[in-house]
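Below: the structure, in structure tokens.
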Amino acid sequence: MKEKVYLQITSGRGPAECCRVVALVLERIVRQAQASGLKVEMIEREVGPVNRTLLSATIALQGAASGELADEWEGTVQWIAQSPYRIYHKRKNWFVGVHSFVLSESQATERDFRYETLRASGPGGQHVNKTESAVRAVHIPSGMSVVASDQRSQWQNKKLATERLLVKLSSWTMEQAMIQAQENWSNHN
């Protein structure tokens with residue numbers, strides 16, 4: 001199995017127009033990845049303040065060219081367009097950040113996780129009502145948790161929850177590093 005590369009697209013503290021650009025950039029990346037024959041999986045999506053906008057999105061790319069695609073989009077993306085929300089607004093340049101990362105097992109050990117089983121909600125008939133196939137993974141040091149109920153198997157959901165939690169931890173670590181860098185920059189003022 002080929003290595004997964006994760007891409008996080010974020011509007012940072014930008015206005016609604018930047019959140020719109022996150023959704024548009026995500027759409028372009030997914031289209032480009034599918035054209036390249038890569039497997040794309042949506043990991044996390046945080047809905048923006050306006051309809052069809054996203055504050056941030058995290059996707060997993062898997063395939064031979066996933067690293068090249070991630071390198072191509074890495075950094076700050078400038079989107080030039082008139083604001084659809086503020087018609088007479090003069091600003092036409094909107095920016096979003098695209099960051100790629102690969103999970104390393106050294107970030108957290110198995111001892112840092114706690115797993116809880118629960119009944120999944122949604123379709124599934126009697127299987128959903130009788131079995132506890134959904135899994136909640138909790139990172140004990142930080143208190144972060146995720147729930148996976150996509151699969152019918154508890155084992156598969158545990159694997160999925162662990163992966164999602166590692167992605168969430170990596171995203172959180174990157175955000176903390178960016179906040180620290182911003183605070184250091186603000187200290188110059």
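The values are calculated or read from the model by the stated rules, or taken from the named source; none is laboratory data. Being a predicted model, the structure only gives us computed values, none of them experimental. Neighbour counts run over all protein chains shown; Cβ positions are idealised from the backbone, glycine included. SASA here: full protein model, heavy atoms, side chains in, ligands and nucleic acids out. Shrake-Rupley method; radii C 1.70, N 1.55, O 1.52, S 1.80 Å.
Hey, can you find the accessible area per residue of the range 1-89 for me, probe 1.4 Å, expressed in square angstrom? Walk me through the numbers on the way to the answer.
Details: 5060 Å² over 89 residues.
Ligands and nucleic acids excluded, the result is 57 Å² per residue.
Spread over its residues, the convex hull of the C-alpha atoms of the range 133-184 is 60 Å³ per residue. The C-alpha atoms of the chain define a longest principal axis, and helix 154-187 lies at about 30 degrees to it. Among HIS99, HIS139, HIS89, the residue with the largest mean-square fluctuation in a Gaussian network model of the chain, with springs joining Cα atoms closer than 10 Å, is HIS89.
For the ranges 165-177, 69-81, what's the packing order if you count other beta-carbon atoms within 10 Å of each residue, average per peptide, and put the highest first? All intermediate terms of the calculation are to be shown ahead of the outcome.
Details: 165-177: 16.7, 69-81: 13.7.
In decreasing order of mean packing, 165-177, 69-81 become 165-177, 69-81.
Measure nothing but the geometry: give the 0 to 90° angle between the long axis through the Cα atoms of 16-35 and the longest principal axis through the Cα atoms of the chain, rounded to 10°. Around 60 degrees separate the two axes.
Give me the tail of P(r) for the range 1-92 as a percent: Cα-Cα pairs with distance above 15 Å. So the pairs more than 15 Å apart make up 59 percent of the total in the range 1-92. Largest to smallest in accessible area, the residues ARG119, ARG52 fall in the order ARG52, ARG119 (1.4 Å probe, all protein chains included). A simple spin-label model places pseudo-atoms 7 Å from Cα toward Cβ; at ASN51 and ASP112 they are separated by 4.2 nm. Only Cα pairs under 8 Å and 6+ residues apart enter the sum, and on that basis the relative contact order of the chain stands at 18 percent. For the chain, modelled as a GNM whose springs connect Cα atoms under 10 angstrom apart, the maximal fluctuation among ILE87, ILE140, ILE29 occurs at ILE87.
In the assembled protein chains, ARG164 presents an accessible area of approximately 40 Å² (probe radius 1.4 Å). Maximal additional length on extending the THR76-ILE179 stretch stands at 35.5 nm, based on 0.36 nm per residue less the C-alpha distance.
Using Cβ point charges alone (K and R +1, D and E -1), the dipole size of the chain about the Cα centre works out to roughly 680 debye.
With runs of 4+ DSSP H residues as the only contributors, calculate the mean residue ellipticity of the chain at 222 nm using -39,500 (n - 2.57) per run, divided by the residue total and rounded to the nearest 500. Mind showing how you got there, number by number?
On the way: 4 runs with 67 residues, N = 189.
One gets -12000 deg cm²/dmol as the mean residue ellipticity at 222 nm.
Kirkwood Rh over Cα pairs of the chain into Stokes-Einstein at 37 °C, 0.692 mPa s: D in µm²/s? Can you show the working numbers first?
Details: Rh = 18.4 Å.
Rounded, D is 178 µm²/s.
Taking θ as phi - 60° and the Karplus parameters 6.51, -1.76 and 1.60, the scalar couplings of the range 132-144 work out to 9, 8, 6, 10, 9, 9, 10, 8, 4, x, 9, x, 5 Hz in sequence order, x denoting glycine and proline.
Calculate what fraction, in whole %, of the accessible area of the chain sits on carbon and sulfur atoms when a 1.4 Å probe is rolled over the protein chains.
Numbers: 5790 of 11550 Å².
Carbon plus sulfur share of accessible area: 50 percent.
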